[in-house]
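The values are calculated or read from the model by the stated rules, or taken from the named source; none is laboratory data. Remember, predicted model here, so these are calculated numbers, not experimental data. Heads up, the Cβs are rebuilt from the backbone with ideal geometry, glycines too, and the neighbour counts pull from every protein chain shown. Note: accessible area is taken over every heavy atom of the protein model, side chains too, but ligands, DNA and RNA are not part of it. Shrake-Rupley method; radii C 1.70, N 1.55, O 1.52, S 1.80 Å.
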Amino acid sequence: MNYSKRNTQKKQKQLRYASPKLRSKFNVWMLRIVIIGMLAITIIAGYGGYGLVLGVIDNTPEIDFGNIEPEAFASTVYDNKGKEVYKLVGSNANRISVSLSNIPENLKNAFIAIEDERFYSHEGIDIKGIVRVSIAGVASGSLNQGASTITQQLLKNIVFSGGNESTIADKIQRKIQEQYLAIQLEKKVSKETILENYLNTINLGQNTLGVQAASKRYFDKDVSKLTLSECAVIAGITKNPSALNPISYPEDNSYRREDVLDKMLSLDMITKEQYDEALADDVYTRIQKVNKKKTKISNVVTSYFTDAVIDEVLSDLQTELGYTQAQATNLIYRGGLSIYTTQDRKMQKVCDSVIADKSLYPFSTEYALTYRLTVTNKNGKTTNYDEKTLEVYFKKSNPSFDLLFSTEKEAENYAKQYRKHIVKKGDTIDGEVINTSIQPQISFVLMDQSTGEVKALVGGRGQKLGSRTLNRATSTVRQPGSTFKVLSAYLPAIDAGGMTLATVQDDAEYYYPGTGKKVKNWYSSGYRGLSTLREGIRESMNVVTVKTLADVTPQVGFKYLKKLGFTTLVGDTSLPANDVNLSTALGGLTHGVTNLEATAAYASIANAGKYNKPILYTKILDHDGNVLLDKTPKPKQVMKESTAFLLTSAMKDVVTSGTGTLARLTTTSMPVAGKTGTTTKSVDAWFIGYTPYYTAGIWGGYDNNKSQSNTSYHKVIWRKIMEQIHSGLKVKEFNGPSSIVSASICTKSGLLASSECSNAAGGSTVRTEYFAGSAPTKHCDRHISVQICNVSGQLAGPYCPSSCIVTKSFLLKDETGTTADTPYVISKQGSTTKCTAHYTSTAEKPQQEDKPVNSSTPNTGTTITTPPTTHTTPQP
């Protein structure tokens, strides 16, 4: 080995130069290792990310690419002229479908320009847009930049519920799935279909979804009639429907509108002239004017008529189509139905106006209190209170306290006092509601009897505070009182019981069979004796009515009531409370009836005996325009046409000379037939009547069943409404069938009148009556002619001068107690008592004399053994 100094120095020099080389080689190898590691990590991460993406895609919701339409649409209620009355809007459902062909090009282009300018060139996702947003996102640290295409936005709305994710991870997952589906969708569906559904789905503020709903809301016009300026306003809302709402934030929307127009101009979608004209348009003034109109309408709760329509549709969807209640409700508020009602808005306006006139009601107007209070005490216990608990509290100090007040303020003060009593220190009020309703209340139903269509309906008076509240016309059951006499007793008696309007019942003391309960008449003038069914109807006679139903039997009467469409009656005779009894003749029911069903029953009489179930809508179309439900009238003959005419004839008397004279029309000679009804203590007051055109029923009373001192106001209201409804209509008469005949009858026997009937002691009992088929063939057997001495008022004796003898007709009748007939009755049991005023000698003078009376009024109980020789035999 060479260990020389020179050699050693050489070796040292070599080593000195070798160290940097080694370090360089080491660094190179380390760099290679790092690069390889990073590549490995990248590849591994790539595979992992790829797998993660595949996993996200695998969990993508399945959709029907052939059906990408939005599922929720507002339903529209129309009147009988096809004009929109109300929109029924559920959650995320205020949209109106419109085809792409009816959407103006400017509106399509406005959305494409501002939202997705490469819409017609990309295949679902916009790569350029994604790159742009990614760079901007990295720079700003925000992922809120938009790069979604119209296709993606459509999917976000109909598949991903609007895309309101709570975390970044969820949002990334949705974006991946959305992009995947967008690519798949564009392979299967045309751009036009995508654009149409997008424009029907997009959120455009003010609870509007889709361009048609937005056009109606902001401009009160069909979308096809939008101007360029208006198109830009609507397209500008999309970015932020709340902040860019042109009603609440017109200035912010105007900036966005200008952006839309700038973009359209730069893409050569509009000319410079169109651009300038649109910018100069004072569009926001028009929007504010429309908003005032729309706000006024939208703040109005559903009417009683619309409430009733909703209830009927809900019921029909369940009973006729098998929907559950939840399904039916969802369809009504989110199914895009078109509901064509029977409402005549002109008639409805008349009804509303008259019923709102406070001058037509009793002066003793009161206000009923409805109260709700929920309180949580400091221990966490929650308790509910209402007007009943309030009433109990105040009754402790004032036993006569009730929930009726002279003013609304007084009612509110009592509620506040009660709240002060209930709420203690540390308690929390979770909710409180104080409402008042004016009393007495009212309900009114107007129908076209020929179709069963309800033309107008009022479920109460005073301000309606909410939708689908208490509807006194359709859902409240009340005792019908005397309006039920015609339906339960006289109708079956004439139609199936072999009776006529001339059939006679004795209005005399009478007890319900098998009981000690007396049937009382509403009038206090005693009993009226022998009375025809016509008189029983005209004067609303209780005893006559009950006797008539007793002859027919309650079972037969009940069958007729069911045929007339009543659904609230109790027919199970095994129950202690049921309606198959004689009390039903007077309207004393287990539960009661609704105004709607009672009016429909009378409409069947007005319609020549044909019953039409009352209908509130004629048809319902689904979102695609298919008929879902059809309400074509299906009349059913429930009584003979002749029966209907005879009842109408009798009820005309009710209005012309009976208990319903206040309902007679004064501005026209249009005939009216109807029946009054008042229940015990005047709790309920009714009148149901009809003309040859329409049938209407009115009820008046207190919600809490308080007695009324005025039972006439409702008839005046009925008359005033019907006078306006019939204004301008040609006067028509009630026409009867050809089988109707007439004859002169005696109202005390119901048989053909004889000369004795016209010469009756109490006045003539002859009148012309109508009959179905044939008139009676027998003559009156109730009246008998006798000779009376006008000096003694007794039967003429052999010594009475001829100048003192008059011939009068009296009734052959066995009286039950005292009636209006009593002064004119001659008992069928005989007696020989003759005139005691005329005799030939003192020896012939009787020891006792009968008390003489007026010649036209023989003593009660005056009898004869055999008719005098002057008796006139009835002529055939």
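Cut-off under 15 Å on the C-alpha distance; same-chain residues fewer than 8 positions from LYS381 excluded. Which aspartates and glutamates are left, in chain and number order? Within reach: ASP427, ASP430.
Packing around the peptides 183-194, 504-515, 455-466, taken as the average count of other Cβ atoms within 10 Å per residue, puts them in this order, highest first: 455-466, 504-515, 183-194. When only the Cβ of Lys, Arg, Asp and Glu is charged (+1, +1, -1, -1), the dipole of the stretch 461-514 relative to its Cα centre reaches about 780 debye.
The Cα-based radius of gyration of the stretch 209-276, divided by its Kirkwood radius, gives an Rg/Rh of 0.96. Taking a ≥ b ≥ c as the square roots of the eigenvalues of the alpha carbon gyration tensor, the stretch 361-432 is prolate, as a/c is not under 1.5 and a/b beats b/c.
Kirkwood Rh, Cα Rg: Rg to Rh for the stretch 451-520? So for the stretch 451-520, dividing Rg by the Kirkwood Rh gives 1.16. Kindly flag which residue pairs out of LYS294/LYS613; LYS388/LYS485; LYS263/LYS293; LYS675/LYS808; LYS485/LYS706; LYS349/LYS562 have an alpha-carbon separation exceeding 27 Å in this structure. LYS294/LYS613; LYS388/LYS485; LYS263/LYS293; LYS675/LYS808; LYS349/LYS562, as the Cα separations exceed 27 Å there. Taking the 1.4 Å solvent-accessible surface of the stretch 176-319 as the whole, the part contributed by carbon and sulfur is 49%. According to the square roots a ≥ b ≥ c of the eigenvalues of the Cα gyration tensor, what is the shape class of the stretch 527-567, taking rounded for a/c under 1.5, prolate for a/b larger than b/c otherwise, and oblate for the remainder? Since a/c reaches 1.5 and a/b is larger than b/c, the shape of the stretch 527-567 is classed as prolate.
Over the stretch 351-498, accessible surface divided per residue gives 46 Å², non-protein components excluded, 1.4 Å probe. Which of the lysines could a cross-linker bridge to LYS188, judged by Cα under 26 Å and excluding same-chain residues fewer than eight apart? Once the sequence-local lysines are set aside, what remains near LYS188 is LYS108, LYS128, LYS156, LYS171, LYS175. Annotation for the stretch 603-647 versus the stretch 332-387: alpha-carbon center distance of 29 Å.
Largest first, the extents of the alpha carbon coordinates of the stretch 554-681 on the three principal axes equal 55, 50, 31 Å. For the peptides 599-612, 676-689, 306-319, the ranking by mean Cβ contacts within 10 Å, running from highest to lowest, is 599-612, 676-689, 306-319. Candidates LEU244, ASN197, ALA232 compared by Cα position along the dipole of the stretch 156-267: farthest toward the positive end lies ASN197, with charges placed on Cβ. Between LEU487, THR545, PRO576, the Cα set farthest toward the positive side of the dipole of the stretch 473-612 (charges on each charged residue's Cβ, about the Cα centre) is that of LEU487. Taking the accessible area of the stretch 498-585, probe 1.4 Å, and keeping the other protein chains in place, the carbon and sulfur fraction comes to 53%.
For LYS409, the aspartates and glutamates whose Cα comes closer than 15 Å to its Cα, not counting residues fewer than 8 places off in the same chain, are GLU366. Here the stretch 679-755 and the stretch 441-485 have alpha carbon centers that stand 17 Å from each other. For the stretch 186-326, what class follows from the C-alpha gyration tensor (a ≥ b ≥ c being the square roots of its eigenvalues): rounded when a/c is under 1.5, otherwise prolate if a/b is larger than b/c, else oblate? Cα axes put the stretch 186-326 in the oblate bin.
Peptides 389-397, 219-227 ranked from most to least packed, by the mean per-residue count of other Cβ atoms within 10 Å: 219-227, 389-397. Each Lys or Arg adds one and each Asp or Glu subtracts one; over the other residues with Cβ under 11 Å from the Cβ of GLN787, this totals +2.
A 1.4 Å probe run over the protein chains yields, for the stretch 732-804, 45 Å² of accessible area per residue, whole-number rounding.
About its Cα centre, the dipole of the stretch 614-759 is roughly 220 debye, where the only charges are +1 on Lys and Arg Cβ and -1 on Asp and Glu Cβ. Basic side chains Lys and Arg get +1 at the Cβ, acidic Asp and Glu get -1 at the Cβ, and with that the dipole of the stretch 548-628 about its Cα centre reaches some 220 debye.
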